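A.B. asks: Handing you this structure, nothing more for now.
The values are calculated or read from the model by the stated rules, or taken from the named source; none is laboratory data. Note that this is a predicted model, so its numbers are computed, not measured. So basically every Cβ, Gly included, is an ideal-geometry build from the backbone, and we count neighbours across all protein chains shown.
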Ligand code: ASP
């Protein structure tokens, strides 16, 4: 029997064509063979389906993550792999969220999109879709993880980040090598793949949106910090710190943090730097964070930190100790296994 791949279309530039007047509009996914006739040559069967509401990915929410996951869950046994077509703006968030939702994954789920719509001559969408399909159906190297394919690179989904609103190579994975590269042939790095799930698949669908990101900058005022930490119903905060995880040591800042922790808010330290890691206690400026019980995010991306915190708070709402423990560990390859030195 031929391999089968399911395309799940969620929206974004990739699904757009130009109408007679030259304006861009989404095309119905069942017409993908008209837009991409090359698909007829694929040695595997390609089926398509789409979210009930097609969105620009700037409107992405955890409810849509659940919709995408349920589409895949319902058809999990019928397909060998899945390709999710997604707007680029928040694709790294969705890839990260899906990686946490699918526990014991044993099939590839590959997100891709494009910088130029499918319907324009120089589109990067054609190449991205075809490579993602090839990888999702590849027998030579079976990739049992949530990945993101863009401009010749297959990245671990929860390690990727959008870096360009202009270039075709719009994504990067600064702290983890790409899993495969497309040239004349695909070159794979199977030693980097996550192990294939051997237990039954579990799909976790609860997210807690009551979190905030507090991005530090020189001169940030106590009012701003207190306003964020004092937001009603807040359960978790990601502090985007400087360099290797450093934050101001001024008493008002420490007091504001201690007060939040006393109120049961879980706080994680993630660096603003694109590459490298939080190393708690390397400088006095991060020693205080560690002393207070703030969790070091090591080399995690902001996208993975946000979705991981929402996922853990939603999945274990009554077990903050477990949430804290899991935030400090790698669950799906999203951070280095051991604290970085
Ligand atoms: N705004 C679009 C989106 O993320 C951009 C894109 O598709 O690349 O949905």
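A.B. asks: Consider residue 130 against the criteria (1) at pLDDT below 95; (2) in a helix (DSSP H, G or I): it satisfies all of them except one. Which criterion is unmet?
C.D. replies: With (1) at pLDDT below 95; (2) in a helix (DSSP H, G or I) applied to residue 130, the lone miss is (1).
A.B. asks: Taking the options 232, 240, name whichever one is free of Cβ contacts under 8 Å to residues at least 24 places away in the same chain and under 20 Å from residue 306 (Cβ atoms). First the steps, then the outcome.
C.D. replies: On the way: 240 fails: free of Cβ contacts under 8 Å to residues at least 24 places away in the same chain.
It is 232.
A.B. asks: Just checking: which of the strands (runs of 3 or more DSSP E) contained wholly in the stretch 44-121 hold 3 or more residues that are in contact (Cβ under 8 Å) with a residue 60 or more places away in the chain and either closer than 29 Å to residue 166 by Cβ or within 12 Å of the ligand (Cβ to nearest atom) (or both)?
C.D. replies: Details: elements: 45-50, 81-85, 109-112.
Output list reads 81-85.
A.B. asks: Would you confirm, using the coordinates I've provided, whether residue 163 is surrounded by fewer than 17 Cβ atoms within 10 Å (Cβ to Cβ), closer than 21 Å to residue 94 by Cα, at pLDDT 95 or above and under 16 Å from the mean Cα position of the chain (by Cα)? First the steps, then the outcome.
C.D. replies: Numbers: surrounded by fewer than 17 Cβ atoms within 10 Å (Cβ to Cβ): yes; closer than 21 Å to residue 94 by Cα: yes; at pLDDT 95 or above: yes; under 16 Å from the mean Cα position of the chain (by Cα): yes.
Here the answer is yes, as residue 163 does meet what is asked.
A.B. asks: A further question on this structure: Select, from 39, 6, the only residue that is in a helix (DSSP H, G or I), touching a strand residue (DSSP E or B) at 6+ places or on another chain (Cβ under 6 Å), in contact (Cβ under 8 Å) with a residue 40 or more places away in the chain and away from the ligand (no atom under 16 Å from the Cβ).
C.D. replies: Details: 6 fails: in a helix (DSSP H, G or I).
Only one candidate qualifies: 39.
A.B. asks: Do we find that residue 106 is under 26 Å from residue 330 (Cβ atoms) and crowded, with 21+ Cβ neighbours inside 10 Å in this structure?
C.D. replies: Working: under 26 Å from residue 330 (Cβ atoms): yes; crowded, with 21+ Cβ neighbours inside 10 Å: no.
Answer is no for this residue.
A.B. asks: Among 224, 213, 267, which is the only one that is touching a helix residue (DSSP H, G or I) at 6+ places or on another chain (Cβ under 7 Å) and farther than 23 Å from residue 95 by Cβ?
C.D. replies: Residue meeting the stated conditions: 267.
A.B. asks: Looking only at the stretch 293-314, decide whether some residue is modelled with pLDDT under 95 and more than 25 Å from residue 177 (Cα to Cα).
C.D. replies: yes
A.B. asks: Another question, then. Any residue at all in the stretch 18-36 that is assigned to a strand (DSSP E or B), over 17 Å from the mean Cα position of the chain (by Cα), buried (at least 18 other Cβ atoms within 10 Å of the Cβ) and more than 15 Å from the ligand (Cβ to nearest atom)?
C.D. replies: Checking the stretch 18-36: not a single residue is assigned to a strand (DSSP E or B), over 17 Å from the mean Cα position of the chain (by Cα), buried (at least 18 other Cβ atoms within 10 Å of the Cβ) and more than 15 Å from the ligand (Cβ to nearest atom).
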